[in-house]
Amino acid sequence: MPTFEYQAQSSDGHPQSGVVFGQSLDQALKDLANKGMQVTHIGVAAGTGDPIPTSFAAVRQSGAVTEAARPVPTGYVYDQPSPVEASARSEKITAQRSYVATSVVGPLVGKVALSHLLFFFRQFSTMVGAGVPMVQALGTLANQARDPRLSRVIKEMRENVEAGRTPSVAMQRYPEIFSPLMLSLVRAGEESGNLDQLLAQVADYIETEIELRGLIRRVTIYPKILLCISVIIVIGTNLIISAVAPGRSGLSSPLTTPSTWIWLGPLLVISFLFLRVGLANSRVKYNWDAFILKVPYLGRTVRHLVMAKFGRAFGALYKGGIPPTRAIELAADACGNEFLRARMYPAAQKLKEGAGITETLRGTNAFSPIVLDMTQTGETTGNLDQMLTKMADFYEDEGKTRSVNLGQIFGAVIMLGTAIYVGYIIINFWITSYGNPAAEEIKNSGG
């Protein structure tokens, strides 16, 4: 079972340190919190054979934590740079990356798996909620990250926090890793004081996306396998026919015809580059999101999810005391749709001019009647944050249901397309071999 070193304050205010055993970091933090301890540092024990370092034993015996006795967390040893080196490093980690690095190289080779991001945000939320200092939390998570690209970015976040900046300063430099939704929710948490809650919300959204992608993979796996097997069968059959009866025509399949790949190959490459590189451009993303909203069924599903993300972010910001003008901007950034975000942003200026929240949102033509009705009710009763949270719950449930249905429909379409493809191969072979008996008879007689 993993062993963790910790430093904490007990319920009576006395500093304590030691080790705790747990299945995971989450469990260790929960066990300490149940004992009434406020954790100030936690990390993996220094050695597996002797999980209790000498410095920790000395601290426990003395009953006090001093700077001399304070142990150095495993994996956190950094050489102290000179002031010139520190200044150069600070400028480097806050400077804007080049367009090529951000919009070309990053989307192609810099992406991080959603499962790794889910682990990071879930653990970060737990540690911040348990009172672990952010520098220590980010140091622990950087060592635990399984993707070196993510580990490097987390270390950069740690350096920003040490310099007095927020984690989002580092996150905004890596749009290929952190989506606008993730970045905006983290900013919302930083400004509202509910960072642990917003980090948990990011993790929930990532978990939902992973579930949806898993559903699409499950409902399309059989058609994909069938399609691949059909291509293998065609190639194998043609090899056998050419060996047994040289010169006789075999099975005809579009995917085994070289002329097909003359146009299909470039089309697949262009589609990949569009999804990875093209959508990294804000103008392209704006037009693409506008197009998606017009697609039957899919557009309404996307709009539901956009309303849910906006409502939850705006509710959390409003509850945290953020001015409505700033709250609308951050919530718009978190909505996940560039087209609707552009329509929401002017609302902040109207609020500055003295217009009401409901009136302002209605003027954007970006919100559904349900959102406007619940906003008006919340504004009238003084429970705007609660009404927006309830609205977000409703739209999230509705959006998830529609997404699941959409995945099932997509799987059925893929299955139908595969069946048509296999049927075409069979019918074409039948017509080629037996469709014109007279021509075959003339051919055999040599006439």
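Counting only protein heavy atoms and a 1.4 Å probe, tell me what percentage of the range 128-284's accessible area is made up of carbon and sulfur.
Here it works out to 64 percent.
Applying 1/(1 + (r/R0)^6) with R0 = 51 Å to the Cβ-Cβ distance of Leu293 and Ala245, what FRET efficiency is obtained, to the nearest 0.05?
That pair, Leu293 with Ala245, gives E of 0.35.
Full extension from Asp393 to Tyr286: what is 0.36 nm times the residue separation minus their Cα-Cα distance, to one decimal in nm?
Result: 35.9 nm gained on full extension.
Taking the alpha-carbon distance from Lys400 and a cut-off under 21 Å, which lysines remain once sequence neighbours fewer than 8 residues away in the same chain are dropped?
By straight Cα distance, Lys400 reaches Lys294, Lys309, Lys390.
Working out 0.36 nm times the residue gap between Tyr222 and Ala101, then minus their Cα-Cα distance, what length gain in nm do you get to one decimal?
Using 0.36 nm per residue and subtracting the Cα-Cα distance, I get 39.8 nm.
Per-residue counts of other Cβ atoms within 10 Å, averaged by peptide: what ranking do you get for 347-355, 361-369, highest first?
Going by the mean number of other Cβ atoms within 10 Å, highest first, we get 361-369, 347-355.
Hey, with R₀ at 51 Å, roughly what FRET efficiency would Asn383 and Phe410 work out to, going by the Cβ-Cβ distance, to 0.05?
Once rounded, the FRET efficiency stands at 0.85.
Using mean Cβ contacts within 10 Å as the protection proxy, how do 226-232, 374-380, 310-316, 133-139 order, highest first?
Sorting 226-232, 374-380, 310-316, 133-139 by mean packing, highest first, produces 310-316, 133-139, 374-380, 226-232.
Taking 7 Å along the Cα-to-C-beta vector as the label spot, tell me the Trp263-Thr401 distance in nanometres, rounded to one decimal.
Reported label-point gap for Trp263 and Thr401 is 4.3 nm.
Assuming R0 = 35 Å, can you tell me the calculated FRET efficiency for the pair Ile370 and Lys111, based on Cβ-Cβ distance, to the nearest 0.05?
According to the calculation, E is roughly 0.50.
Give the peptides 252-263, 185-196 in descending order of average Cβ contacts within 10 Å, highest first.
The peptides rank, most packed first, as 185-196, 252-263.
Quick check for you: which residues of the range 256-283 have the amide N under 19 Å from the point 7 Å beyond the Cα of Ile233 toward its beta carbon?
Residues passing the 19 Å test: 256-257.
Kindly report the accessible area of the range 283-430 per residue (heavy atoms of protein chains, probe 1.4 Å, no ligands, DNA or RNA), in Å².
Result: 50 Å² of accessible area for each residue.
Viscosity 1.306 mPa s, temperature 10 °C: what is the translational diffusion coefficient of the range 127-218 from Stokes-Einstein with a Kirkwood Rh over Cα pairs, rounded to a whole number of µm²/s?
The calculation lands on 114 µm²/s.
The values are calculated or read from the model by the stated rules, or taken from the named source; none is laboratory data. The structure displayed is predicted, hence computed values, not measured ones. Neighbour counts are summed over all protein chains in view; Cβ atoms, including those assigned to glycine, are modelled from backbone coordinates with ideal geometry. Accessible surface areas use protein heavy atoms only, side chains included; no ligands, DNA or RNA. Shrake-Rupley method; radii C 1.70, N 1.55, O 1.52, S 1.80 Å.
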